[in-house]
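Asker: There's a structure below that I have some questions on.
The values are calculated or read from the model by the stated rules, or taken from the named source; none is laboratory data. This structure is a prediction, so every number in the text was calculated from the model and none was measured. Cβ atoms come from the backbone with ideal geometry, glycine included; neighbour counts cover every protein chain shown. SASA here: full protein model, heavy atoms, side chains in, ligands and nucleic acids out. Shrake-Rupley method; radii C 1.70, N 1.55, O 1.52, S 1.80 Å.
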Amino acid sequence: MSLSSKETNSKWLDAHYDPMANLYTFSSCIALADLHGDGESKLVMGDLGMAGHTMRLKVYRGTGLASESTLLDLPAAVTTFLMDQNEPRTPAVAVASGPFVYIYKNLRPYFKFTLPPLDANPLEQDVWEQAKEDMIDPLTLKEMLEGIRDKAEIPLSVRSLRFLAQEVPEMESFVNIHKGQPIKRQTVITCMSTLKKNMADEDAVSCLVIGTENADVLILDPEAFTILAKMTLPRVPAFLDVMGQFDVEYRVTVACRDGNIYILRRESKRPKYCIELRAQPVGLVRVHKNIVVGCSNETLQGYTQKGKKLWTVYLPAPLMTMSLLDQKSRGFQAVMVGMANQEVHMYRDKNLVDIICTQDVVTSICFGRYGREDNTLIMTTKGGGLIIKILKRTAVFEEKDISLGPPVAQSIRLSVPKKTRLYVDQTLRERENPVAMHRVFQMDLCRLRLMAARAYVKALESSLAPVTSTLQEPLKMNAVNTSAGRPSINLLVSFLYDRSLYAMKRAFFKAPMLVPGLNYPIETFVECLSDKGISDIIKVFVLREGQSTPLLTAHINMPVSEGLAAA
């Protein structure tokens with residue numbers, strides 16, 4: 001299919017493409033929201049910058065950059081949420097970076113939430129106290145900290161880890177600078193999402209849900225930013241998905257770095273369900289009540305809320321990012337998957353419904369209202385480009401199965417007719433008399449076999465089978481060259497037969513040159529050696545000299561004889 005025909009059949013309009021936008025981000029750091037209450041949605045993005053420098057919070061309006069703010073550390077997640085019921089109803093922007101959550105109201109710094117500090121290792125504190133009193137030298141301090149790091153359950157603080165990374169000449173100066181400061185152990189944020197407080201409306205107040213490097217999940221109050229709930233996971237969370245209301249019932253689905261998915265519920269300190277994956281998760285999306293996870297082994301898998309596996313789709317390339325396509329006007333939801341082959345696939349359940357080819361590998365993807373257009377697809381690429389596409393109003397995603405695997409019809413239940421009264425009565429009769437019915441069946445089968453044997457013996461006794469009384473009879477063949485003007489030469493004729501049943505006077509011939517239009521008879525004698533009335537076929541092969549593939553093959557059915565037979 002040509003490029004022009006692809007564009008004609010596409011469901012998307014190309015609104016904007018800027019390959020030099022210098023945007024480096026992920027799907028967790030991109031959001032769409034009406035930040036000023038003017039009915040026009042903006043694009044909020046946490047830009048990672050070049051090589052970990054110049055991190056910024058950027059806001060796009062239309063195709064241009066509206067504002068930007070400097071970030072002190074790499075952003076882990078960006079989301080928008082409503083903090084209160086005050087008018088105008090403008091959402092706040094939350095940026096998770098390091099151990100902090102920066103809250104922006106009207107794009108101005110509003111609040112900074114800091115994760116609570118963790119308990120430091122008492123052995124580590126004692127060692128640094130000895131270093132403070134000059135009781136041990138830097139080399140002894142290094143040996144003692146290495147021993148604590150290898151054996152202790154509580155990890156070392158950042159200060160100790162930085163000290164262990166120092167070269168020997170720099171250790172003494174590092175100790176003199178930091179030995180007088182108290183030891184603090186601080187965790188960082190790995191993922192973030194939002195949870196409705198008490199109503200399911202789209203403009204309802206929401207709480208922040210945070211996953212930390214310490215394998216905790218925290219739910220924050222939207223106004224006071226205090227910790228409302230704390231749940232502990234077996235491993236560090238990487239992706240979060242939340243549904244429900246905090247005051248009613250909620251469910252937190254977490255994909256962790258150990259390759260498992262854990263499901264937490266309200267008032268549960270530990271996970272209620274666990275889904276074991278065969279590879280590391282790359283993305284996590286909830287479609288209605290089902291969970292869709294993309295894995296590093298190039299698969300897309302669907303699960304129920306309780307962890308039952310529904311389907312698996314094998315992708316044509318490694319998965320880079322994924323997000324949810326929610327077309328609210330039609331009630332249509334699908335999973336968007338960006339892959340390393342510069343394609344974005346869209347799946348509804350396991351069915352591939354659309355493919356978008358991009359100019360570069362997509363690293364982040366987002367779908368929603370942008371500007372005043374409800375169905376807008378925004379993507380950033382590996383090279384820093386920005387792609388904006390708009391879904392056509394006439395576009396309809398066909399629910400047909402064009403993916404690899406069994407067709408959709410295979411999963412549709414057959415319309416089995418209802419059980420009739422006759423069927424039920426027959427089933428009851430079989431259950432009540434199984435032994436008697438089996439005996440009747442065996443008796444009828446034995447009677448049928450007896451009748452067949454008697455008929456076979458009668459046929460033998462009355463000589464109803466074809467027989468011949470001659471001891472020998474010639475086997476004749478006529479070869480005719482059907483070619484119009486070319487004779488056939490170097491032809492061989494060979495007979496293949498069972499030597500225990502037959503004897504043939506001559507089983508191999510070299511045919512003369514066959515002139516077109518003339519008949520050449522070839523004759524030999526066959527003698528039957530068996531006296532048991534057994535017959536078999538004789539195979540005839542015609543082939544050219546020097547070749548093993550026959551030009552012609554024929555089968556001759558030989559009749560039965562009491563002694564010797566011929567055909």
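Asker: Of everything in region 219-243, what is closer than 23 Å to Gln85 by Cα and more than 27 Å from the chain's Cα centre (by Cα)? Give them in sequence order.
Answerer: Result: Ile219, Leu220, Asp221, Pro222, Glu223, Ala224, Phe225, Thr226, Ile227, Leu228, Ala229.
Asker: On to the next question. Out of the residues in region 494-543 meeting the condition of being under 27 Å from Tyr456 (Cβ atoms) and in contact (Cβ under 8 Å) with a residue 60 or more places away in the chain, tell me which one is least open to solvent (accessible area, probe 1.4 Å).
Answerer: Ile538
Asker: Restricting the search to region 47-74, which residues are within 17 Å of Thr380 (Cβ to Cβ), open to solvent by 10 Å² or more (accessible area, probe 1.4 Å), in contact (Cβ under 8 Å) with a residue 12 or more places away in the chain and assigned to a strand (DSSP E or B)?
Answerer: Result: Met50, Arg56, Lys58, Tyr60, Arg61, Ala66, Glu68.
Asker: I've got another one for you. Considering only residues that are in contact (Cβ under 8 Å) with a residue 24 or more places away in the chain and among the aliphatic types (A, V, I, L, M), look in region 112-131 and name the one that is most open to solvent (accessible area, probe 1.4 Å).
Answerer: It comes out as Leu123.
Asker: Now, a different point. Kindly indicate the residue of region 178-201 that is touching a residue at least 60 places away in the same chain (Cβ under 8 Å) and outside any strand (DSSP E or B) and also farthest from Asn121 (Cα to Cα) among those meeting that condition.
Answerer: Val188
Asker: Tell me, yes or no, whether region 332-351 has at least one residue that is among the polar types (S, T, N, Q) and either open to solvent by 50 Å² or more (accessible area, probe 1.4 Å) or within 19 Å of Ala21 (Cβ to Cβ) (or both).
Answerer: Scanning region 332-351 turns up at least one residue that is among the polar types (S, T, N, Q) and either open to solvent by 50 Å² or more (accessible area, probe 1.4 Å) or within 19 Å of Ala21 (Cβ to Cβ) (or both).
Asker: Further question: Taking only region 340-363 into account, find how many residues are polar (S, T, N, Q) and assigned to a strand (DSSP E or B).
Answerer: Residues that pass the stated criteria total 2.
Asker: Which of the residues belonging to region 495-520 are over 22 Å from Gly546 (Cβ atoms), of a type outside the set (Lys, Arg) and modelled with pLDDT of 80 or more?
Answerer: The answer is Tyr497, Asp498, Ser500, Leu501, Tyr502, Ala503, Met504.
Asker: Would you tally the residues in region 203-225 being among the small types (Gly, Ala, Ser), over 17 Å from Gly98 (Cα atoms) and assigned to a loop (DSSP other than H, G, I, E, B)?
Answerer: Here the count works out to 2.
Asker: Which pairs turn up if I take residues in region 9-29 that are over 16 Å from Leu325 (Cβ atoms) and open to solvent by 90 Å² or more (accessible area, probe 1.4 Å) and look for partners that are among the small types (Gly, Ala, Ser) and not in a loop (DSSP other than H, G, I, E, B) with beta carbon separation below 6 Å, at least 6 apart in sequence or on another chain?
Answerer: Phe26/Ser364
Asker: Can you pull out every residue in region 194-214 that is open to solvent by 10 Å² or more (accessible area, probe 1.4 Å), among the small types (Gly, Ala, Ser) and within 20 Å of Cys274 (Cα to Cα)?
Answerer: If the condition is that a residue be open to solvent by 10 Å² or more (accessible area, probe 1.4 Å), among the small types (Gly, Ala, Ser) and within 20 Å of Cys274 (Cα to Cα), then no residue fits.
Asker: With the structure loaded, tell me whether Leu228 is of a type outside the set (Val, Ile, Thr), surrounded by 20 or more Cβ atoms within 10 Å (Cβ to Cβ) and in a strand (DSSP E or B) or whether it fails that test.
Answerer: It is false that Leu228 is of a type outside the set (Val, Ile, Thr), surrounded by 20 or more Cβ atoms within 10 Å (Cβ to Cβ) and in a strand (DSSP E or B).
Asker: Right, something else. Which condition does Lys105 not pass, out of (1) open to solvent by 20 Å² or more (accessible area, probe 1.4 Å); (2) under 30 Å from Val44 (Cα atoms); (3) over 35 Å from the mean Cα position of the chain (by Cα); (4) touching a residue at least 60 places away in the same chain (Cβ under 8 Å), if it passes all the others?
Answerer: All conditions pass for Lys105, except number (4).
Asker: Sticking with this structure for a sec: Among the listed residues Ala131, Ala92, Ala66, identify the single one that is over 34 Å from the mean Cα position of the chain (by Cα), among the hydrophobic types (A, V, I, L, M, F, W, C) and more than 30 Å from Glu202 (Cβ to Cβ).
Answerer: Answer to the check: Ala131.
Asker: Would you mention how many residues in region 275-304 are part of a loop (DSSP other than H, G, I, E, B) and either charged (D, E, K, R) or closer than 21 Å to Phe26 by Cα (or both)?
Answerer: So the answer is 7.
Asker: Among (1) open to solvent by 40 Å² or more (accessible area, probe 1.4 Å); (2) part of a strand (DSSP E or B), there is one condition Leu43 misses while meeting the rest; what is its number?
Answerer: Result: Leu43 passes all but (1).
Asker: Another one. Identify all residues within region 440-456 that are open to solvent by 100 Å² or more (accessible area, probe 1.4 Å) and within 29 Å of Glu430 (Cα to Cα); write none if there are none.
Answerer: Phe441, Met443, Arg447, Leu448, Arg449, Met451
Asker: Continuing with the same structure: Considering only residues of region 18-51 that are small (Gly, Ala, Ser) and modelled with pLDDT of 90 or more, which is farthest from the chain's Cα centre (by Cα)?
Answerer: If we take residues in region 18-51 being small (Gly, Ala, Ser) and modelled with pLDDT of 90 or more, then Ser41 is farthest from the chain's Cα centre (by Cα).
Asker: Okay, next question. Taking region 288-323 on its own, how many of its residues are free of Cβ contacts under 8 Å to residues at least 40 places away in the same chain and either among the small types (Gly, Ala, Ser) or at positive phi (or both)?
Answerer: 3
Asker: In this structure, does Gln359 turn out to be open to solvent by 60 Å² or more (accessible area, probe 1.4 Å) and either under 30 Å from His16 (Cβ atoms) or at pLDDT 90 or above (or both)?
Answerer: So Gln359 fits the description; yes.
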